[in-house]
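The values are calculated or read from the model by the stated rules, or taken from the named source; none is laboratory data. Please read these numbers as outputs of a predicted model, since none were measured by experiment. When we count neighbours, we look across all protein chains shown, and the Cβ atoms used for this are built from the backbone with ideal geometry, even at glycine. Note: accessible area is taken over every heavy atom of the protein model, side chains too, but ligands, DNA and RNA are not part of it. Shrake-Rupley method; radii C 1.70, N 1.55, O 1.52, S 1.80 Å.
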Amino acid sequence: MRFTSTLVMLMLLLYAGNVRAQDDWDDVLDSESLVDDDGGTDDQESLFEILSDFIENPIDINNATPEELEQLPFLTAQDIEGISEYIYRYGPMKSVGELSMIESIDARKRNLLSHFIFFANPQKQPIPSLSTILHYGHHKLMATMKVPFYKRKGDDGTYLGDALRHNLRYNFNYGDKVRIGLVGAKAAGEPFFKSPNSMGYDFYSFYARIQRLGILDDLIVGRYRVRFGAGLVINNDFTMGKIGQLTAAGKLQNHVGVHSSTNSSRYLQGVVTTLRLSNTLSFTPFVSYRYFDATLNNDGSISSIPKSVYHRTETELKKKNNTSETTLGGHLSWRYRHFRAGATFVNTTLDRSLQPSQTIVYRRYYPSGRSFTNASIDYAYVGARLMLGGETAIDKNGALATLNTLSYRFSERLSTMILQRFYSKKYQSIQAQSFSEGGGVQNESGIYAGVTWKPLRRVTVTAYTDLAYFPWPKYQASLTSHAWDNLVMIEYASGKWKYNVRYRLKLRERDNADKSELVFSNDHRLRCFVEYKQTKWSDRLVCDFAYHYYKVRSRGWMLSNQFNISLMKWAKINASVGYFHTDDYNTRIYCYEKSVLYSFNIPAYYGEGIRYSLLLQASPSKSLSLYARLSTTNYFDRSTISSGNQEISGSSQTDLELQAVYKF
């Protein structure tokens, strides 16, 4: 108890004497909650990498297509419509200040948008020669390494490689017309420049992109991602959380992008192109062929497709690229004034049959077979205040999935949104990813309603409620079940101060002890933070509380402090410290930490312990940037960390991340 009191006093002293620097763009993940903060790390990492990519390759807002602007998750369809209309009426924008002329874009969005755009005159330029591209193009080389100061059980010989994790990224770009990139990555424990990775890294990703060359609006060769409509047929990007859906007002997204990530599972490989057939019509065909890892049954069919892919042991290596996938598809898009419409077709064929075990009831309708065909239409009306949109999809067996949204902005202070979805229990698409409570586009119906209200100039209230129904049994629910998710967030911002309180209640029906009936699992989450910003430094004090009840009751809390200091124009320090105390894993608490470029870090804390993190950034020249991050977690309630090959003998875990970025 004495230790806890001392730590609380230390944090309050740090808060009183410290600072907050400029509003860094990556705070969007934490402050705006564009993705859920309850463990959806795949979506969070994808969003972080996409936004990181836009920081390095910003959008020319005066030449941007609506599809490009749609990739910025905090912009609504009305925001994009307003930008396009303003440029059409008044000519190219010259500064961020002109964005204030667009009614739907408030000061927070303008500040955030300024990190991802630049302003150029929309002049038609001749197709550049190869010599011009090579002479005026820009190169960037980025090397990142993570060094553990501990030994895992697998490091004693089970893992085939060393304990270092590192990756290398190369990028070449010529304005917004040409971009070429190469990514190589190795996870801790994977071999490097030795069998079976004689070519160095375990994972490589290559891409080449050409844009805005006449009718050829976009062309990507190599590894890429696509998303059309609401993602009911195909979406390799990310799905926003429930607050994020409200922020974006349920907009649809039709776009393609390069796969510049170290993620070795969420991408396509081949060719995708967007042809601008007219001012209102475009067509995006794509073809992909790639290998991936799969867990096989004894007869050689596929039992499951894992999301996390590692090749550290002989067993993991046996799964490497043991299955191939061929994907063909296309999207036809039509835009005219306030109206949007599109049609998507995708066929995916596997060289092995997908045959998950269906002896367990909740797996009865899991996707199975070798070929998966899906088609959909998407539609939208975008007015100054009203937005109606959605997508309706069908699979090869006639099963349906549909998602529809309605948003209305009554005034600058009040906007609402309603989202309805129905995913048949028989609907199957292995490329789909969309808004859901159950984690997939299958076996779910639901209605979501949200509101953003500014009762006072400095006060913003955000709230949503989401009721979901699962007609077929799910994991830990042997009968038809329901889930109910609710959130209320109040924020007060005045000058250099910001106060935020967020409460979330999540109810979900699960089996009782003897599986004779369903009972509710109750999950309560409360987060409060106070933030102070100055020109050179900033500070944020965060309190998290959790209460969970399902068969047993458990509680947890965490107090953390994050502060930033800009020592000079070329050097910054970010530090954080946090104490956590939870009864079990059900009351785990997620806390976002700043990290090196392209590295997203939001670990889960449970048990009792203290967390420290220190990030140093330095740019000694315009061409060179250096980063170093040291982080430690000390547990007070255990003598070992993790389990299996990942087990660490000890109660402390310390990592050092180093990164160098060179531009030439």
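The set of residues in segment 529-556 that are of a type in the set (Val, Ile, Thr), assigned to a strand (DSSP E or B) and surrounded by fewer than 17 Cβ atoms within 10 Å (Cβ to Cβ) comprises 530, 552.
Every residue, every condition in (1) charged (D, E, K, R); (2) in contact (Cβ under 8 Å) with a residue 24 or more places away in the chain; (3) closer than 19 Å to residue 188 by Cβ, yes or no:
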| position | (1), (2), (3) |
| --- | --- |
| 604 | no, yes, yes |
| 609 | no, yes, no |
| 623 | no, yes, no |
| 637 | yes, yes, no |
| 640 | no, no, yes |
| 644 | no, yes, yes |
| 661 | no, yes, no |
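Being touching a Pro at 6+ places or on another chain (Cβ under 8 Å) and in contact (Cβ under 8 Å) with a residue 12 or more places away in the chain holds for only one residue in 295, 326, and it is 295.
Restricting attention to segment 76-96, the residues that are charged (D, E, K, R), open to solvent by 20 Å² or more (accessible area, probe 1.4 Å) and in a helix (DSSP H, G or I) add up to 3. If you go through segment 352-367 and keep only what is out of contact with any Lys or Arg (no Cβ under 8 Å at 6 or more places or on another chain) and open to solvent by 40 Å² or more (accessible area, probe 1.4 Å), you end up with 355, 359, 360, 361, 363, 364, 366. Scanning segment 53-75 for residues that are in contact with a Pro (Cβ under 8 Å, 6 or more places away or on another chain) and either part of a helix (DSSP H, G or I) or open to solvent by 20 Å² or more (accessible area, probe 1.4 Å) (or both) yields a single hit, 63. Only one of the numbered conditions (1) at pLDDT 95 or above; (2) within 23 Å of residue 662 (Cβ to Cβ) is not met by residue 179, and that is (1). The residue pairs whose first member lies in segment 339-364 and is free of Cβ contacts under 8 Å to residues at least 24 places away in the same chain and outside any loop (DSSP other than H, G, I, E, B), whose second member is loosely packed, with under 14 Cβ neighbours inside 10 Å and not aromatic (Phe, Trp, Tyr), and whose beta carbons are closer than 9 Å, counting only pairs six or more residues apart or on different chains, are 363/357.
For residue 419, the conditions (1) over 29 Å from residue 303 (Cβ atoms); (2) open to solvent by 60 Å² or more (accessible area, probe 1.4 Å) are fulfilled apart from (2). When residue 514 is tested against the conditions (1) open to solvent by less than 70 Å² (accessible area, probe 1.4 Å); (2) in a loop (DSSP other than H, G, I, E, B); (3) among the acidic types (Asp, Glu), the lone failure is (1). Among the residues of segment 491-501, are any free of Cβ contacts under 8 Å to residues at least 12 places away in the same chain and open to solvent by 60 Å² or more (accessible area, probe 1.4 Å)? So far as segment 491-501 goes, yes, one or more of its residues are free of Cβ contacts under 8 Å to residues at least 12 places away in the same chain and open to solvent by 60 Å² or more (accessible area, probe 1.4 Å).
Return yes when residue 70 is out of contact with any Asp or Glu (no Cβ under 7 Å at 6 or more places or on another chain), in contact (Cβ under 8 Å) with a residue 24 or more places away in the chain and closer than 25 Å to residue 385 by Cβ and no when it is not. Spelling it out, residue 70 is indeed out of contact with any Asp or Glu (no Cβ under 7 Å at 6 or more places or on another chain), in contact (Cβ under 8 Å) with a residue 24 or more places away in the chain and closer than 25 Å to residue 385 by Cβ. When residue 571 is tested against (1) open to solvent by less than 30 Å² (accessible area, probe 1.4 Å); (2) modelled with pLDDT of 95 or more, just one condition goes unmet, and that condition is (2). Considering segment 98-110 alone, what residues qualify as being open to solvent by less than 50 Å² (accessible area, probe 1.4 Å) and assigned to a helix (DSSP H, G or I)? Correct list: 98, 99, 109. For segment 441-490, the set of residues classified as in contact with a helix residue (DSSP H, G or I) (Cβ under 9 Å, 6 or more places away or on another chain), closer than 21 Å to residue 364 by Cα and open to solvent by 20 Å² or more (accessible area, probe 1.4 Å) consists of 472, 474, 475, 476, 478, listed by residue number. Here residue 128 fulfils each of the conditions (1) within 31 Å of the chain's Cα centre (by Cα); (2) surrounded by 16 or more Cβ atoms within 10 Å (Cβ to Cβ) apart from (1). Here residue 452 fulfils each of the conditions (1) outside any strand (DSSP E or B); (2) more than 20 Å from residue 401 (Cβ to Cβ); (3) in contact (Cβ under 8 Å) with a residue 24 or more places away in the chain; (4) hydroxyl-bearing (Ser, Thr, Tyr) apart from (1).
Screening segment 339-351 for residues that are in contact with a Gly (Cβ under 8 Å, 6 or more places away or on another chain) and open to solvent by less than 70 Å² (accessible area, probe 1.4 Å) and picking the one that is farthest from residue 304 (Cα to Cα) gives 340. Suppose we keep only residues that are open to solvent by less than 20 Å² (accessible area, probe 1.4 Å) and not aromatic (Phe, Trp, Tyr) within segment 430-440. Which one would you say is nearest to the chain's Cα centre (by Cα)? That would be 434. Taking residues in segment 269-291 that are more than 18 Å from residue 254 (Cβ to Cβ), and partners anywhere that are surrounded by 18 or more Cβ atoms within 10 Å (Cβ to Cβ), the pairs with Cβ atoms closer than 6 Å and at least 6 places apart or on different chains are 269/223; 269/288; 270/288; 290/269; 290/325.
Filter segment 150-171 down to residues that are within 29 Å of residue 661 (Cβ to Cβ) and aliphatic (A, V, I, L, M) and give me whichever is surrounded by the most Cβ atoms within 10 Å (Cβ to Cβ). Only one residue tops the list, namely 168.
Can you tell me which residue in segment 598-639 is surrounded by the fewest Cβ atoms within 10 Å (Cβ to Cβ), limited to those that are in contact with a Cys (Cβ under 8 Å, 6 or more places away or on another chain) and within 27 Å of residue 50 (Cα to Cα)? Before you say what the answer is, go through the steps one by one.
Residues of segment 598-639 in contact with a Cys (Cβ under 8 Å, 6 or more places away or on another chain): 602-603, 605, 611.
Subsequent filtering for residues that are within 27 Å of residue 50 (Cα to Cα) retains 602-603, 605.
Values: 602: 19, 603: 15, 605: 24.
Ranking the candidates gives 603 first.
Taken as a whole, the condition of being open to solvent by 20 Å² or more (accessible area, probe 1.4 Å) and under 21 Å from residue 145 (Cβ atoms) does not apply to residue 208. For segment 211-227, a residue qualifies if it is crowded, with 22+ Cβ neighbours inside 10 Å and either aromatic (Phe, Trp, Tyr) or in a loop (DSSP other than H, G, I, E, B) (or both), and exactly one does: 224. Taken over segment 386-424, the criterion of being of a type in the set (Gly, Ala, Ser) and either part of a strand (DSSP E or B) or in contact (Cβ under 8 Å) with a residue 40 or more places away in the chain (or both) is satisfied by 389, 390, 393, 401, 407, 415. Confirm whether residue 238 is open to solvent by 30 Å² or more (accessible area, probe 1.4 Å), in contact with a Leu (Cβ under 6 Å, 6 or more places away or on another chain) and not small (Gly, Ala, Ser). Judged against the criteria, residue 238 is not a match.
Residue 614 satisfies every condition listed in (1) in contact with a Lys or Arg (Cβ under 9 Å, 6 or more places away or on another chain); (2) of a type in the set (A, V, I, L, M, F, W, C); (3) under 19 Å from residue 545 (Cβ atoms) except (3).
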